[in-house]
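These notes are about the structure you will find just below.
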Amino acid sequence: MTHVILIGAPVDCGKRRRGCLMGPDAYRVARLPETVTNLGHTVEDIGNLAPAKVDAGAPNNPVVHMLDENVGWTQTLAAAALEHAPKGLPIFMGGDHALSLGSVSGIAAHAEKEGRPLYILWLDAHTDVHTPDTSTSGNLHGTPVGYVTGREGFDAFPPLTTTIPVERVGMIGLRSVDPEERAFLEDSDNGSATLVDMRTIDEVGIAKPLGEFLERVKADNAMLHVSLDVDFLDPSVAPAVGTTVPGGATVREAHLVMEMLCDSGLVTSLDLV
């Protein structure tokens with residue numbers, strides 16, 4: 001039995017298209033707390049959080065959208081992760097993917113206190129490894145992995161107590177990756193992330209690469225944070241996203257991923273965005 005802590009993160013500032021604000025309450029309406037309880041776990045719902053009030057100053061990149069609010073959410077969610085991770089398995093209910101700037105950085109700080117490595121499983125159509133300076137859209141939902149792996153350009157954000165080596169990042173479901181992002185993730189000086197695009201899944205299936213990644217997590221006695229973006233799924237079954245990319249995972253493939261993660265017993269925290 002696991003103690004699950006539901007953390008509402010109605011983050012809607014990581015992009016210009018509105019629509020993620022009601023996400024946490026939608027999970028509740030869909031009976032997520034009752035479903036987790038019926039699986040034999042205990043559930044604590046701490047409600048919806050709000051971003052800290054900050055003045056981050058003018059961004060270096062003039063197209064960056066809502067910098068103050070993104071920095072405020074990062075502070076709030078990092079603090080929530082540090083507070084609640086010692087008590088159980090936190091689930092951050094979003095909200096757009098900018099929430100992971102805070103959730104993952106806070107979980108990384110918790111892992112450091114525990115003296116254990118942290119691995120990240122990024123289930124997403126995108127790599128989200130831009131920085132505020134390299135983003136051409138200015139939408140900071142495309143920057144969380146860049147932040148937590150220690151890329152430059154995040155001076156306005158809380159300083160990280162620890163960064164996550166790129167080789168501890170696994171990305172599955174990719175099908176929209178900018179050339180600059182791919183170069184960073186494949187750069188041997190930074191280590192190489194595990195990159196599983198949809199062609200690989202078409203050719204070998206999803207179980208093999210995921211199983212190999214989970215074996216590495218287990219061998220390292222590591223904690224595992226899973227960040228699930230709904231655009232991991234094909235838009236034919238999950239159309240309500242602002243950045244739809246055709247050719248995503250099927251419901252069955254996604255369900256198999258969840259089954260394997262459950263069976264592994266390795267997951268210590270989760271984003272739902």
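A few notes on this one:
- Yes/no for residue 7 being surrounded by fewer than 19 Cβ atoms within 10 Å (Cβ to Cβ), assigned to a strand (DSSP E or B) and aliphatic (A, V, I, L, M): no
- Of the residues making up the stretch 146-170, those that are touching a residue at least 40 places away in the same chain (Cβ under 8 Å), closer than 22 Å to residue 216 by Cβ and out of contact with any helix residue (DSSP H, G or I) (no Cβ under 7 Å at 6 or more places or on another chain) number 1.
- Those residues of the stretch 240-269 which are part of a strand (DSSP E or B) and crowded, with 21+ Cβ neighbours inside 10 Å, in sequence order: 249, 268, 269
- Any chance residue 173 is on the phi > 0 side of the Ramachandran plot and touching a helix residue (DSSP H, G or I) at 6+ places or on another chain (Cβ under 7 Å): yes
- Between 131, 143, 149, the distinction of being hydroxyl-bearing (Ser, Thr, Tyr) and open to solvent by 10 Å² or more (accessible area, probe 1.4 Å) belongs to 149 only.
- Qualifying residue in the stretch 61-68 (condition: crowded, with 24+ Cβ neighbours inside 10 Å and modelled with pLDDT of 95 or more): no
- The one condition in (1) open to solvent by less than 60 Å² (accessible area, probe 1.4 Å); (2) assigned to a loop (DSSP other than H, G, I, E, B); (3) under 21 Å from residue 131 (Cα atoms) that residue 163 fails to fulfil: (1)
- Of the residues making up the stretch 43-63, none is more than 15 Å from the chain's Cα centre (by Cα), of a type outside the set (Gly, Ala, Ser) and part of a helix (DSSP H, G or I).
- In the stretch 214-239, the residue that is most open to solvent (accessible area, probe 1.4 Å) out of those that are in a helix (DSSP H, G or I) and of a type in the set (Val, Ile, Thr) is 230.
- Residue in the stretch 170-213 that is farthest from residue 130 (Cα to Cα), counting only those that are part of a loop (DSSP other than H, G, I, E, B) and open to solvent by 20 Å² or more (accessible area, probe 1.4 Å): 205
- Looking only at residues of the stretch 29-55 that are small (Gly, Ala, Ser) and open to solvent by 50 Å² or more (accessible area, probe 1.4 Å), we find that the one that is nearest to residue 240 (Cα to Cα) is 30.
- Filter result for residue 26 (open to solvent by 20 Å² or more (accessible area, probe 1.4 Å) and outside any helix (DSSP H, G or I)): no
- Hey, residue 249 in contact with a helix residue (DSSP H, G or I) (Cβ under 9 Å, 6 or more places away or on another chain), at negative phi, at pLDDT below 95 and hydrophobic (A, V, I, L, M, F, W, C) or not: no
- Flag for residue 98 being open to solvent by less than 50 Å² (accessible area, probe 1.4 Å), closer than 17 Å to residue 16 by Cβ and aliphatic (A, V, I, L, M): yes
The values are calculated or read from the model by the stated rules, or taken from the named source; none is laboratory data. Predicted model, so just to flag it, every value in this text is computed and none were measured. In this analysis, Cβ positions are derived from the backbone assuming ideal geometry, glycine residues included, and neighbour counts consider all displayed protein chains. Just so you know, the surface numbers come from the protein's heavy atoms only, side chains and all, with ligands and any DNA or RNA stripped out. Shrake-Rupley method; radii C 1.70, N 1.55, O 1.52, S 1.80 Å.
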